[in-house]
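Contents: one structure, followed by commentary.
The values are calculated or read from the model by the stated rules, or taken from the named source; none is laboratory data. What you see is a predicted model; the values in this text were computed from it and never measured. A quick note on method: Cβ atoms are made from the backbone with ideal geometry, for glycine too, and the neighbour counts reach across all protein chains shown.
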Amino acid sequence: MGKPTGFTEFTRELPAKRSVEERLKDYKEFVLPYTEQKLNEQSARCMNCGVPFCHNGCPLGNVIPEFNDAVYDGNWLEAYDILSSTNNFPEFTGRICPAPCESACVLGINQPAVAIEEIEKHIIEIAFDKNFVQPRTPNLRSGKKVAVIGSGPAGLAAAAQLNYAGHTVTVFERDDAPGGLLRYGIPDFKLEKWVIDRRIKVMEEEGIIFKCNANVGVNISINDLLREFNAIVLAGGSTVPRDLKIPGRELNGVYFAMQFLKQNNKRVAEKDLFANAHIESNIFSKEIHAKNKHVVVIGGGDTGSDCVGTSNRHGAKSITQFELMPKPSAERTPFMPWPTYPMILKTTSSHDEGAERFWAIATKEFIGDANGNLKALKIVDLEWKITEDGKPANFVEIVGSEREIPCELALLAMGFMHPQQDGLLNELGIELDERGNVKANEKNYQTNISKIFTAGDMRRGQSLVVWAISEGRECARKVDEFLMGSSLLESKENSILFSTLS
């Protein structure tokens, strides 16, 4: 490495943020860039470890020590070449990935891990500034046509790789612009949408065709696609949210988190909140806003955190976040050994902006007023039984803890169950697995229909953006093999092996 003693000289430092008071006034990103010196110091912390476990921690197999070394030496083109060889969209993962690579960092055994995610973001932003990011137009077209249904991270990654392999790729997106969850699920204060638009422009220059307002199975015929394309990739995501079917669920003021977040992203983009209702079943017909309301977010994950941050910017009267599970440990336990990804307490920037958080809480009833509007929640405390390996097993309600709390806006952020099955999947006769996801061969991402493949959350269930990109890349390689008999597209295993040997 560039500075073998760097990890003994510098500790982990993350970039500064705009103050809470300032950033709550807008929806712009608030994490400031490193200074040149700080970036150099943070990259210097990467050790010359014998086995870099960060490779396996990253679902993409990013070649992390090598790009850290290039950053330390100021070799920005080399750093970009290394990073982009395994990751099509580091500008996305550098902003919103929970960084499983850092959990596997060898330095993290007894010191704070290397700030890999921030270094990754700086590499790609410097690459754009220096015009290193250029369209990768294939030298020769194969004559094969591929349709990608869904333009979230899995669909975009599959499209980019298949186009690079020489196939003519068309991406179908039911929304008014590409990006899927990135555009209409992630708040702008975490990922501004110009970042997506910048990448889409590059992909269009590479020859990829995007067709928006195109809901396959609704206003686009699947039979036309089957006739026109040599292969189809299903990358529609896991979009059916987990519901809370308790008394009062029908009240005005109880919404799914994604209804709230998508609507706000449209509001920030100054778009019609209710456009596309004729082709999208998940567009809600009422405006959802948290201003001057007691807001309760039910669900303790990242989506719930996004609801907290958005509600703060709306000017909510109060924000409370509930989690059914017990409060996680603040540090690794013996049941979460390095280099596994630890399920520890996570406090996000949205929590820092203001919210009360409670664990081991169950919501029993939504209580309404005479006009059918939500006014309160009935909740109860839980006592969890923990197994010998440290996992919550089952719970009982604590007698006498039942109570009501004021609430005019309840946001259900309890995750997603499976992709939407009505329409496209049922019309095609696609087989589903026991969880309701698209069933596909584990080795080649192929469904029960030979020319139809699937990737991302639609196949593996709700997961991380970095996993979606990995799925899209691996699926593209299998589609290329299906069309051409073999593929020169890089696989995750090959990138890790090359890095280890080098």
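The residues of segment 180-199 that are within 21 Å of Ser311 (Cβ to Cβ) and of a type in the set (Gly, Ala, Ser) amount to a single one, Gly185.
Among the residues of segment 106-132, those identified as part of a helix (DSSP H, G or I), closer than 16 Å to Ile64 by Cα, within 22 Å of the chain's Cα centre (by Cα) and touching a residue at least 40 places away in the same chain (Cβ under 8 Å) are Ile116, Glu118, Ile119, Glu120, His122, Ile123, Ile124.
Restricting attention to segment 405-463, the residues being crowded, with 24+ Cβ neighbours inside 10 Å, hydroxyl-bearing (Ser, Thr, Tyr) and over 21 Å from Asn230 (Cα atoms) number 0. Taking segment 15-39 as the range and being in contact with a strand residue (DSSP E or B) (Cβ under 9 Å, 6 or more places away or on another chain) and surrounded by 14 or more Cβ atoms within 10 Å (Cβ to Cβ) as the test, the residues that pass are Pro15, Lys17, Arg18, Arg23, Phe30, Val31. The set of residues from segment 224-261 being closer than 24 Å to Gly309 by Cβ and polar (S, T, N, Q) comprises Ser238, Thr239, Asn252, Gln259. Residue count for segment 426-458, restricted to those that are under 24 Å from Met414 (Cα atoms) and out of contact with any Phe, Trp or Tyr (no Cβ under 7 Å at 6 or more places or on another chain): 11. Looking across segment 333-369, the residues that are among the aromatic types (Phe, Trp, Tyr) and part of a loop (DSSP other than H, G, I, E, B) come down to Phe335, Trp338, Tyr341. Of the helices (runs of 4 or more DSSP H) lying entirely inside segment 208-321, those containing at least 2 residues that are in contact (Cβ under 8 Å) with a residue 24 or more places away in the chain, over 19 Å from the mean Cα position of the chain (by Cα) and assigned by TED's automatic domain parsing to the domain that holds Gly180 are 222-228.
I'd like to know if segment 392-402 contains one or more residues that are crowded, with 20+ Cβ neighbours inside 10 Å and either in contact (Cβ under 8 Å) with a residue 60 or more places away in the chain or within 30 Å of Asp188 (Cβ to Cβ) (or both). For segment 392-402, residues crowded, with 20+ Cβ neighbours inside 10 Å and either in contact (Cβ under 8 Å) with a residue 60 or more places away in the chain or within 30 Å of Asp188 (Cβ to Cβ) (or both): absent.
If you go through segment 372-391 and keep only what is closer than 24 Å to Glu408 by Cα and free of Cβ contacts under 8 Å to residues at least 12 places away in the same chain, you end up with nothing. Within segment 11-18, can one find any residue that is part of a loop (DSSP other than H, G, I, E, B), among the hydrophobic types (A, V, I, L, M, F, W, C) and touching a residue at least 12 places away in the same chain (Cβ under 8 Å)? The answer is yes, given that some residue of segment 11-18 is part of a loop (DSSP other than H, G, I, E, B), among the hydrophobic types (A, V, I, L, M, F, W, C) and touching a residue at least 12 places away in the same chain (Cβ under 8 Å). For segment 140-163, how many residues are in contact with a Ser or Thr (Cβ under 6 Å, 6 or more places away or on another chain) and not charged (D, E, K, R)? Number of matching residues: 1.
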